[in-house]
C-alpha cells in the first residue's frame with residue numbers, strides 16, 4: 001500500500017520530508033516516468049510521497065531589486081506566459097515537450113531531475129541562476145552549477161526542498177538558444193546551447209555559453225569566456241580555434257539511443273562556432 005501526504009503548508013511539507021524521508025511530487029511528469037512499472041502496474045515508491053504542487057509558498061513569480069524569483073512549483077506554461085521571464089529562458093521552455101506536458105510539469109521538477117539533457121539548465125547556467133533550498137533548519141542558497149552534481153544527482157540534503165529559483169534581471173543585449181533533437185516537438189535533447197552576451201563600443205564586454213547533453217552535467221568554459229572578454233570581433237575570430245579547444249576539452253559525450261558521442265561532439269562545436277561567427281561577431285561590429 002502506497003502512503004501519500006497532502007500538507008496544508010510548506011512547514012508541514014518540510015516536516016514530512018524530514019521525518020518520513022518522503023518523495024516530493026509536484027507535476028509528476030518526470031517522477032512518474034522514472035517510477036513506472038514495465039508490467040503496466042502503477043508506479044511503486046519505496047518511500048511515502050508528499051504532494052507539494054499546490055503550496056502557495058512554492059508558486060508565484062516576483063521581480064524585486066533586480067532579482068527574478070520563480071517558485072519551484074510553477075508550471076512551465078505559467079513561466080512561459082509571464083512577462084518578466086528572460087527571452088532565453090522562455091525559448092528553452094518552449095522547446096520542452098508540448099502544451100499538455102508544459103501545463104502540468106513544474107520548473108522545480110525539470111531542475112531537480114538533474115538530467116544532462118534538461119532544456120532549462122543551460123539557460124539557467126548562463127543567466128547566473130541560484131537555487132533556494134529550504135528545510136526545517138532554515139534556508140540556503142546555492143548557485144545552479146553547484147546544485148547539479150551529476151546525472152540525476154543534486155546537492156539536496158534529507159529534509160530539503162527546492163523552493164525557488166532566483167535569476168538576476170537579464171541585461172544582456174544578445175541571447176541565443178538552440179536545441180538539437182530527433183524532431184521538432186516531444187523530443188529529448190541530443191545537445192543544446194544557451195548563450196548570452198553584452199557588447200560595448202566594439203568589444204565583447206561579457207560572453208557566456210553553456211552546452212547541455214554532451215557531458216555528465218551542463219558545461220561552461222570560464223577560460224573561453226574570460227578569453228573573449230574585452231576583445232574585438234577581429235580578435236575573437238582570429239583566435240576562434242583556441243576558443244573551440246576550450247570547449248572541446250570539456251565535452252564528454254556518450255553513445256545512446258538518441259545519438260552518437262561523435263555526432264554530439266562535432267555538432268556542439270559547430271553550434272559554438274555558429275553562435276560566435278554569426279550572432280556574436282556581427283553584433284560586436286555593429287556597436288563600434
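The values are calculated or read from the model by the stated rules, or taken from the named source; none is laboratory data. Remember, predicted model here, so these are calculated numbers, not experimental data. Cβ sites come from the backbone with ideal geometry, for glycine too, and all protein chains shown count toward neighbours.
Which of the residues belonging to segment 232-273 are over 17 Å from residue 181 (Cβ atoms) and touching a residue at least 60 places away in the same chain (Cβ under 8 Å)?
272
Just to confirm my filter: which helices (runs of 4 or more DSSP H) fall fully inside segment 100-185 and include at least 1 residues that are in contact with a helix residue (DSSP H, G or I) (Cβ under 9 Å, 6 or more places away or on another chain) and closer than 15 Å to residue 58 by Cα?
Passing ranges, in order: 107-112.
Residues of segment 1-11 being farther than 13 Å from residue 135 by Cβ and touching a strand residue (DSSP E or B) at 6+ places or on another chain (Cβ under 9 Å), which ones?
2, 3, 4, 5, 6, 7
Consider residue 255 carefully, then state whether it is modelled with pLDDT under 95 and within 24 Å of the chain's Cα centre (by Cα).
Numbers: modelled with pLDDT under 95: yes; within 24 Å of the chain's Cα centre (by Cα): yes.
Here the answer is yes, as residue 255 does meet what is asked.
If we keep just the residues of segment 176-194 that are touching a strand residue (DSSP E or B) at 6+ places or on another chain (Cβ under 6 Å) and over 20 Å from residue 226 (Cβ atoms), which is modelled with the lowest pLDDT? Walk me through it before giving the result.
Taking segment 176-194 and keeping what is touching a strand residue (DSSP E or B) at 6+ places or on another chain (Cβ under 6 Å), we get 176-180, 189-194.
Those still in the list that are over 20 Å from residue 226 (Cβ atoms) too: 177-180, 189-192.
Working: 177: 97, 178: 96, 179: 94, 180: 93, 189: 84, 190: 92, 191: 95, 192: 96.
That would be 189.
Counting just the residues of segment 142-160 that are more than 16 Å from the chain's Cα centre (by Cα) and surrounded by fewer than 13 Cβ atoms within 10 Å (Cβ to Cβ), which one comes out nearest to residue 21 (Cα to Cα)?
So, considering only residues that are more than 16 Å from the chain's Cα centre (by Cα) and surrounded by fewer than 13 Cβ atoms within 10 Å (Cβ to Cβ), the one nearest to residue 21 (Cα to Cα) is 158.
Of all residues in segment 209-266, which are part of a loop (DSSP other than H, G, I, E, B) and over 25 Å from residue 152 (Cβ atoms)?
229, 230, 231, 232, 239
Out of 197, 204, 210, 233, which single residue is at pLDDT 95 or above, in contact with a helix residue (DSSP H, G or I) (Cβ under 6 Å, 6 or more places away or on another chain) and farther than 23 Å from residue 89 by Cα?
Of the residues listed, the single one that is at pLDDT 95 or above, in contact with a helix residue (DSSP H, G or I) (Cβ under 6 Å, 6 or more places away or on another chain) and farther than 23 Å from residue 89 by Cα is 233.
In segment 51-93, what residues are more than 18 Å from residue 103 (Cβ to Cβ) and not in a loop (DSSP other than H, G, I, E, B)?
56, 57, 62, 63, 64, 67, 68, 69, 87, 88, 91 - these are the residues of segment 51-93 that are more than 18 Å from residue 103 (Cβ to Cβ) and not in a loop (DSSP other than H, G, I, E, B).
What's the total number of residues in segment 173-211 that are under 27 Å from residue 66 (Cα atoms) and touching a residue at least 60 places away in the same chain (Cβ under 8 Å)?
22
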